[in-house]
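The structure appears right after this line, and notes come after that.
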Amino acid sequence: MYLTQGAGSCMLATAAMLEFIDKTLDSACGFLWGYILIFALLGTHLYLTCLLRFPQRHFFTGLRLYFAKHGEGQISQFSSLMVSLAANVGTGNIVGVAVAVTTGGPGAVFWCMLTGVFGMATRYAESLLAIRYRTRDEKGNIIGGPMYAIEKGLRCKWLAVVFAVVTAIAAFGIGNLTQANAVSQVLANSALEVPTWITGVVMVLLVGAVLLGGLQGIARVCTALVPTMAIVYVVGCIAILITNAGFVWPAICHIVDSAFHPQAAAGGFVGSTLMLAMQQGVRRGLFSNEAGLGSSPIVSAPSQTPNTVQHALVASTGPFWDTVVICSLTGITLTTCIMAHDHITTNDGELLTYVSFATLGTFGSAMLTISLASFVISTVLGWSYFGERSLEYIGGRRLIYPYRVLWIIVAFVGCVVPKSSIVWNFADLANGLMALPNLICMVGLSGVLVAETRKYLWENRLFEVDKTLLTGKNEENSEKN
């Protein structure tokens, strides 16, 4: 009896602790994302868009450069983009959009898409700086990212360390816990009813096997996996939209209207204010494409590119595919299903996407399950590289293997942890803390951005080889700019 009472008390204490952690993280996220980051991110997106003369208009040039290979590096520009998309395209596009719709209303989808459009300029800028200030580690590998740009460009070592520390920690949230938790919950609630611990074991085995191959191994897997699974998921969404064709246009109109007008709860939708829709849309947009976060530039650094701008244009296409295409398609699909099916409401929360795909029967459920599982694995792999490079900046290569072991353990924990809201709040808070130093870096080095863009893009010298990259002269040149 005493053992039973003791176990019951322990469970209650654990539940109370989880509730306390959840509320604390939620309050911190509410403060950070209330106005500070929304206006900081959108402001930076708009500032860089104007400063760099709307680099989004060079989208098709970026597409043509996908397979260009004229510079020094470890992986191709296309592989670099695929690793970036692998880290970006995940639960943020599937579960994250569902969370945005259920808490901020359909209008959040519009703000999410807008974040992707203007985020293309920010991704261009942060990738350019990653190439400009890249360097080599003790083994000769090419490394870079915002921490090196902050240290060498802004001459602010302490801020670079802050970014690296926050990134190494944040990787466990956005790139590990949330991903593992989402796929385990979907599999557990699917027709397969897969126990969460089994999902965790499979996740550990798959991720562990690929991590042994380092960046090249991650790049090979992501290059093969991401395009295929993205196509599968898009086909599934289109199939749902065709099935509910009569509700597609009304759903699009409702999304746009909800983005600018307060909405009362009705017809399966949650009520929302303009600020709430904007907040959720921008937050999930950042979680999805990570433009301004500073993570993706870390994998831009080792790309084979002749100059800073060529790969920056390639990298800038990422938010378009990730947010403008996949997130928007997800949001329209979810809104259409809510309008077309009475049994589907925003009360379905994180499982809203799964419930929507289930309207296609077993085929739809299987398609979503396979897509989500593939996206999650690729995201966990991509973010493991971001975390490793950040940790290497702090303490050298000796920390990489212990970090990998911890990474695999946390992936298992993410699968079995029951309180998913804690995971999402932790990821949101970590995202915001990462973004701030990176935004400061881009604004502070705006002169370098303009100089590089003028030289290679505005003067049509995209294929000119910059011989100062990786020679040490780049720092001297950036100071002159």
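The values are calculated or read from the model by the stated rules, or taken from the named source; none is laboratory data. Model, not experiment: these values are computed from the prediction. As a convention, Cβ positions derive from the backbone with ideal geometry for all residues, glycine included, and neighbour counts pool all protein chains shown. What goes into the accessible areas is simple: the full protein's heavy atoms, side chains included, and nothing from ligands, DNA or RNA. Shrake-Rupley method; radii C 1.70, N 1.55, O 1.52, S 1.80 Å.
Residues Arg53, Arg64: which one is touching a helix residue (DSSP H, G or I) at 6+ places or on another chain (Cβ under 8 Å) and open to solvent by 50 Å² or more (accessible area, probe 1.4 Å)? Going through Arg53, Arg64 in turn, the sole match is Arg53.
Do we have any residue at all in segment 210-221 that's touching a strand residue (DSSP E or B) at 6+ places or on another chain (Cβ under 9 Å), part of a helix (DSSP H, G or I) and surrounded by fewer than 19 Cβ atoms within 10 Å (Cβ to Cβ)? Looking for residues that are touching a strand residue (DSSP E or B) at 6+ places or on another chain (Cβ under 9 Å), part of a helix (DSSP H, G or I) and surrounded by fewer than 19 Cβ atoms within 10 Å (Cβ to Cβ), one finds at least one in segment 210-221, hence yes.
Hey, which of the helices (runs of 4 or more DSSP H) in segment 324-423, taking only ones fully inside, have at least 1 residues that are open to solvent by less than 50 Å² (accessible area, probe 1.4 Å), over 30 Å from Gly144 (Cα atoms) and aliphatic (A, V, I, L, M)?
Numbers: elements: 328-340, 352-357, 362-395, 400-416.
Where helices (runs of 4 or more DSSP H) fall fully within segment 324-423 and carry at least 1 residues being open to solvent by less than 50 Å² (accessible area, probe 1.4 Å), over 30 Å from Gly144 (Cα atoms) and aliphatic (A, V, I, L, M), they are 328-340, 352-357, 362-395.
Within segment 435-466, can you find the residues that are among the aliphatic types (A, V, I, L, M) and open to solvent by less than 50 Å² (accessible area, probe 1.4 Å)?
Ala435, Leu439, Met442, Leu445, Val448, Leu449, Val450, Ala451, Leu457, Leu462
Out of curiosity, is Phe118 touching a residue at least 24 places away in the same chain (Cβ under 8 Å), in a helix (DSSP H, G or I), open to solvent by 10 Å² or more (accessible area, probe 1.4 Å) and touching a His at 6+ places or on another chain (Cβ under 7 Å)? Answer is yes for this residue.
Residues that are at pLDDT 80 or above and among the small types (Gly, Ala, Ser) were ranked within segment 77-99; the one that is farthest from Gly214 (Cα to Cα) is Ala98.
Just checking, how many residues over segment 436-481 are out of contact with any Pro (no Cβ under 8 Å at 6 or more places or on another chain), part of a loop (DSSP other than H, G, I, E, B) and at pLDDT below 90?
So in segment 436-481, the residues out of contact with any Pro (no Cβ under 8 Å at 6 or more places or on another chain) come out as 436, 439-440, 442-452, 454-456, 458-462, 467-481.
Filter once more, keeping what is part of a loop (DSSP other than H, G, I, E, B): 445, 459-462, 467-472, 481.
Filter once more, so that each one left must be at pLDDT below 90: 467-472, 481.
Residues flagged as out of contact with any Pro (no Cβ under 8 Å at 6 or more places or on another chain), part of a loop (DSSP other than H, G, I, E, B) and at pLDDT below 90 within segment 436-481 amount to 7.
Among Ile94, Ile169, which is the only one that is surrounded by fewer than 24 Cβ atoms within 10 Å (Cβ to Cβ), in contact (Cβ under 8 Å) with a residue 60 or more places away in the chain and aliphatic (A, V, I, L, M)?
Answer to the selection: Ile169.
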